[in-house]
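The values are calculated or read from the model by the stated rules, or taken from the named source; none is laboratory data. Since the structure is predicted, the reported quantities are computational estimates derived from the model, not experimental observations. Please note: Cβ atoms are built from the backbone with ideal geometry, for glycine as well, and neighbour counts cover all protein chains shown.
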Amino acid sequence: MLNRIVPFTALSLALLTSGAGANELNPDVSLTLDGHYKQNDTVLSHREQGFGLGHTELSLSSPIDDLFSGRLTTVFEEHDGESEILIEEAYLQTNGLPLGLNVRAGRFLSQVGYLNGRHMHEDDFVERPAAYRALLGSHYYDTGLRLNALLPTPFYWQIGAEAFSGDQLSEGTEDIGVYTLNTRVGGDLSAAQSWQAGLSYLHNRQISVDEEDHGHDHDLDDEHGHDHSHGASYTGENLYIADVVWKWSPNGNTREQQFTLSAEYLYADDLNKFATSDDYHEGWYVSGVHQFAPQWSAGIRYGEVDLREAHGDHFHSQRLKETDVMLAWSRSHFSTLRLQYTHQSATGFSNADNTVALQYVVSLGAHGAHGY
Amino acid sequence: MRYLPLFIAAVLTGLISLPARADFHVFACEPEWTALARTFMPDAHFTTATSYLQDPHYIEARPSLIAAMSRADIAVCTGASLEAGWLPALLQRAGNTDIQPGQPGLFFAADHAQLFAPHDHVDRSMGDVHPEGNPHVHLSPDQLPNIAKALAERLGAMRPDNSADIFARYIKWRVNWNFHSANWQERAKALQGRSLVIQHTGFGYLLRWLGIDATMDLEPKPGLPPSASHLNQLLADPRLEDAAAILIASHQNQKPAQWLSAQTRKPILVLPGTVTDDSKTDTLAELISEIINRLESAMPEVANGSL
């Protein structure tokens, strides 16, 4: 009815504006493509030799109403010719509650450590440090609930707790298989320098309880084929992580130049009911990345991990030392090409090797703001 | 009239929070908004997320900013996606109930301005183009009064006890701005029709207002750093001969401009893209006056300027 009396130009204008309006009601869609060529197979790696696809993510996010926001991230992976679709994130989260509280519920990345809560496409190296790959399956996500509080201090101080089903880390029958505690402080040293430090604790309740039934969980060879992208290969009842990050840019102008130094230490004990006080996993890494021009960055990372592989009632020692050197070029904020050389030296692993890897990571569509 | 519901909501939240907090914290995404808000509320506490030496597109949601945002009563930002790379993360992590999209505690200057060159269609091959239009609106002599008025109204609504003072300071600011504006308009006559090479559209609104042609850009696409091939292309541009100077902002790398300057013998003008701590450029009016001073000295021949 109305259309008949509206002149054509005005109608098309109205359609245009209503189209834009409807578009704003749609969730933000963001797609991450990640592919690589890797010369040789390496230890504890989640990337196959030769050409391969990495973390292909499709993400939808949007405010739900004034109180909640939601996000869904699905990951497409391929292992030995089999395609898998994993739900990495499916959560709702509050947009601000009194007392600096913040609640997240559903499936999400645990906030333990510095790297774990970040999306893989933000990483500076082709793979996460060996300690992360062994103890957290590169990135630990699960279904549960998070409560964070930002304390009303003049500097940044956050405390948080999470409860998870725990099934993404190791199999078990507990309803709440994993809980974590985390605290983080940080601030600026000057206009050019900022820092953050954190302490995390992850309690895995499914380690001691179900040992009889699921002792084979830790037997890497059995599960390797199917399970290697999700659960952690090495677990303990208690996991402690300390992390520290320091960033520097001349005048704080991160566009032109930025140096990021980060380090983490991971320690896990009470590996199973046979474990003595000498049986623990331990790992650390130090990473330095220099974005020396708006489009270029170079980095070096060294890490070690000492592991105890369960064999029935006893353990075998495994040790991996890894050095990575990388050079990355980003045409824009949305595309990165990376060349990396990895040197591994190991005891207790048969397939340690050195490798060159070439990787691209690009993002299409909406590009969420990155954290620190 | 259309601010009435907002005003009422703001008064109510203001009344509730009034006894709890004695003072008023302003979080400004860019220093120009600190300068403007300070004019209206000189006694407030200010945290400024960026400086004139930083590219405001590329700031990180770092811990100190999260802490400051969580304490703030109002966040004053440019909007129009200028801060899209970091402000959403900051808002989410700070979790400040008062400072969320749609709340009076989040003020976007671009919401109160008519932006230049909005796009119906934007894709990433065009570079970092903002669909809303050029967000660098703080140097627009015509748009600032609207933004300032809206900001003064917002601050007054959030602090009703001080609203009379805020309004009086706004009127004073406005008179001063009009006075300056008339002066700039007079001086624009000599600059009109001249041209400059620029890097990004940070000074776009002011240059257009002054009638200066600024279509030659060191950036191949908005937001992409100058590349050798693009600079060579620029060097072959016939319009380059008429350009009086190469204008870049303090936070930008000077090398591309220096290269072009060495090829063409054109002077480089490095100007702060926003207010600084220097008393000569610590308010927007002073900054614009200073920019015009510098432009005048870079374009000395007055007579043949206008078309």
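Hey, does region A:364-372 have a residue that's surrounded by 15 or more Cβ atoms within 10 Å (Cβ to Cβ) and away from every other protein chain (no Cβ under 14 Å)? So far as region A:364-372 goes, no, none of its residues is surrounded by 15 or more Cβ atoms within 10 Å (Cβ to Cβ) and away from every other protein chain (no Cβ under 14 Å). Residue check: B:Ala157 meets all listed conditions (1) closer than 23 Å to B:Leu207 by Cα; (2) modelled with pLDDT of 90 or more but one, namely (1). Restricting region A:331-345 to residues that are surrounded by fewer than 18 Cβ atoms within 10 Å (Cβ to Cβ) and within 14 Å of chain B (Cβ to nearest Cβ) leaves a set whose member that is modelled with the highest pLDDT is A:Ser335. What about A:Ala310, is it outside any loop (DSSP other than H, G, I, E, B), over 11 Å from A:Ala130 (Cβ atoms) and at pLDDT below 95? For A:Ala310, the condition - outside any loop (DSSP other than H, G, I, E, B), over 11 Å from A:Ala130 (Cβ atoms) and at pLDDT below 95 - is met. Restricting attention to region A:81-119, the residues being of a type in the set (S, T, N, Q) and within 14 Å of chain B (Cβ to nearest Cβ) number 5.
Condition check ((1) touching a Leu at 6+ places or on another chain (Cβ under 6 Å); (2) under 26 Å from A:Asp65 (Cα atoms)) across all residues:
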| position | (1), (2) |
| --- | --- |
| B:Gly105 | no, yes |
| B:Gln114 | no, no |
| B:Gly127 | yes, no |
| B:Leu144 | no, no |
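Restricted to region A:149-202, and to residues there that are assigned to a strand (DSSP E or B), β-branched (Val, Ile, Thr) and away from chain B (no Cβ under 14 Å), the residue that is nearest to A:Val112 (Cα to Cα) is A:Thr180.
Exactly one residue out of B:Leu234, B:Leu224 is surrounded by 20 or more Cβ atoms within 10 Å (Cβ to Cβ), among the hydrophobic types (A, V, I, L, M, F, W, C), at pLDDT below 95 and not assigned by TED's automatic domain parsing to the domain that holds B:Asp73, and it is B:Leu234.
Scoring A:His316 on the criteria (1) within 14 Å of chain B (Cβ to nearest Cβ); (2) closer than 29 Å to A:Glu282 by Cα leaves a single failure, condition (1). Candidates A:Tyr114, A:Tyr91: the one that is under 27 Å from A:Asp270 (Cβ atoms) and at pLDDT 95 or above is A:Tyr114. When you go through A:Glu282, A:Glu322 one by one, which is the residue that is buried (at least 19 other Cβ atoms within 10 Å of the Cβ) and either acidic (Asp, Glu) or in a loop (DSSP other than H, G, I, E, B) (or both)? So the residue among A:Glu282, A:Glu322 that is buried (at least 19 other Cβ atoms within 10 Å of the Cβ) and either acidic (Asp, Glu) or in a loop (DSSP other than H, G, I, E, B) (or both) is A:Glu322. Annotation note: of B:Leu206, B:Leu240, the sole residue that is outside the structural domain of B:Ser125 (by TED's automatic domain parsing) and surrounded by fewer than 18 Cβ atoms within 10 Å (Cβ to Cβ) is B:Leu240.
Kindly indicate the residue of region B:243-258 that is part of a loop (DSSP other than H, G, I, E, B) and surrounded by fewer than 20 Cβ atoms within 10 Å (Cβ to Cβ) and also nearest to the other protein chains (Cβ to nearest Cβ) among those meeting that condition. Out of the qualifying residues, it is B:Asn253. Would you point out the residue of region A:53-69, among those that are over 23 Å from A:His121 (Cα atoms) and not in a strand (DSSP E or B), that is farthest from the other protein chains (Cβ to nearest Cβ)? Across region A:53-69, the extreme among qualifying residues is A:Ile64. Residues that are closer than 30 Å to B:Gln185 by Cα and basic (Lys, Arg) within region B:207-258 comprise B:Arg208, B:Arg239, listed in sequence order.
Consider region B:102-130 and keep the residues that are within 10 Å of another protein chain (Cβ to nearest Cβ), of a type outside the set (Gly, Ala, Ser) and surrounded by 13 or more Cβ atoms within 10 Å (Cβ to Cβ). The one that is farthest from B:Pro88 (Cα to Cα) is B:Arg124. If you take the residues of region B:60-90 that are of a type in the set (A, V, I, L, M) and within 8 Å of chain A (Cβ to nearest Cβ), which of them is nearest to B:Leu36 (Cα to Cα)? This residue is B:Leu87.
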